[in-house]
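*Asks:* Let me begin by handing over the structure; questions about it come next.
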Amino acid sequence: MNLQKTYSVDEAQKVLENYCAYQERCHKEVKDKLLQMRMIPEAIDNIIVHLITNNYLNEERFAKAFARGKFKIKKWGKNRIVRELKYRQISKYSIDIALKEIDLEEYHSTLHELTLKRIAQVKESNIYKKKKKVVDYLLYRGWESHLIYEKLNELIK
């Protein structure tokens, strides 16, 4: 027997206020949480409107915080950040604003550090295989291919 708590709209609203106050959330996460709580579509819409109106939920603010965090902490490139934001159904407008949060100088120096670190980690005598392994690693982390190749040609002669 499946005994899942049922929530009134007011209770669910309070739960979601706390959920959004704890850390920035996107609309998709909030909607998924409400569906998980077995709320009806009409209640979901009302709660989401309430959260937006009272500034608990703000897509642009979420996108900015997400981009800053993933770049600074996980050292993701812009491609990966954009892909993850699109997966979370963030608008192109908010994604563009979020990418402006990343300082270009810091972006290039982070790529430089990551590339040096990865070159040191890859134990490969064949220079082409070594380059390929470094490129694959950086592409996976979402760095733009033209920047990767420029950096590699600068560092590996």
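We did not get these values from a lab; they are worked out from the coordinates using the rules stated. In this text the structure is predicted, and so the values were computed from the model without any measurement. When we count neighbours, we look across all protein chains shown, and the Cβ atoms used for this are built from the backbone with ideal geometry, even at glycine.
*Asks:* Return the total of residues in the range 24-50 being in a loop (DSSP other than H, G, I, E, B) and either surrounded by 16 or more Cβ atoms within 10 Å (Cβ to Cβ) or free of Cβ contacts under 8 Å to residues at least 24 places away in the same chain (or both). Walk me through it before giving the result.
*Replies:* The first filter runs over the range 24-50 and keeps only residues in a loop (DSSP other than H, G, I, E, B), leaving 24-26, 37-40.
Okay, now just the ones that are also either surrounded by 16 or more Cβ atoms within 10 Å (Cβ to Cβ) or free of Cβ contacts under 8 Å to residues at least 24 places away in the same chain (or both), so 24-26, 37, 39-40.
Total satisfying the criteria: 6.
*Asks:* Then there is this: Restricting the range 51-77 to residues that are of a type in the set (A, V, I, L, M, F, W, C) and in a helix (DSSP H, G or I), which is farthest from Glu101 (Cα to Cα)?
*Replies:* First pass over the range 51-77, keeping only residues of a type in the set (A, V, I, L, M, F, W, C): 51-52, 57, 62-63, 65-67, 71, 73, 76.
Checking the rest, the ones that are also in a helix (DSSP H, G or I) come to 51-52, 62-63, 65-67, 71.
Details: Leu51: 24, Ile52: 22, Phe62: 12, Ala63: 10, Ala65: 9, Phe66: 10, Ala67: 7, Phe71: 10 Å.
Ranking the qualifying residues of the range 51-77, first place goes to Leu51.
*Asks:* Since Arg83 meets every condition but one in (1) crowded, with 16+ Cβ neighbours inside 10 Å; (2) farther than 30 Å from Asp10 by Cβ, which condition does it not meet?
*Replies:* All conditions are met except number (1).
*Asks:* Taking the range 51-62 on its own, how many of its residues are in contact with a helix residue (DSSP H, G or I) (Cβ under 6 Å, 6 or more places away or on another chain) and either surrounded by fewer than 17 Cβ atoms within 10 Å (Cβ to Cβ) or in contact (Cβ under 8 Å) with a residue 40 or more places away in the chain (or both)?
*Replies:* The qualifying residues number 2.
*Asks:* Sticking with this one: Look through the range 101-120, keep the residues that are surrounded by fewer than 11 Cβ atoms within 10 Å (Cβ to Cβ) and not acidic (Asp, Glu), and return whichever of them is nearest to Ala63 (Cα to Cα).
*Replies:* If we take residues in the range 101-120 being surrounded by fewer than 11 Cβ atoms within 10 Å (Cβ to Cβ) and not acidic (Asp, Glu), then Leu104 is nearest to Ala63 (Cα to Cα).
*Asks:* Another question, then. In the range 98-134, how many residues are in contact with an Asp or Glu (Cβ under 6 Å, 6 or more places away or on another chain) and under 20 Å from Phe66 (Cβ atoms)?
*Replies:* The qualifying residues number 0.
*Asks:* Criterion first (assigned to a loop (DSSP other than H, G, I, E, B), closer than 25 Å to Ser145 by Cα and over 11 Å from the mean Cα position of the chain (by Cα)) does Glu101 satisfy it?
*Replies:* Numbers: assigned to a loop (DSSP other than H, G, I, E, B): yes; closer than 25 Å to Ser145 by Cα: yes; over 11 Å from the mean Cα position of the chain (by Cα): yes.
Judged against the criteria, Glu101 is a match.
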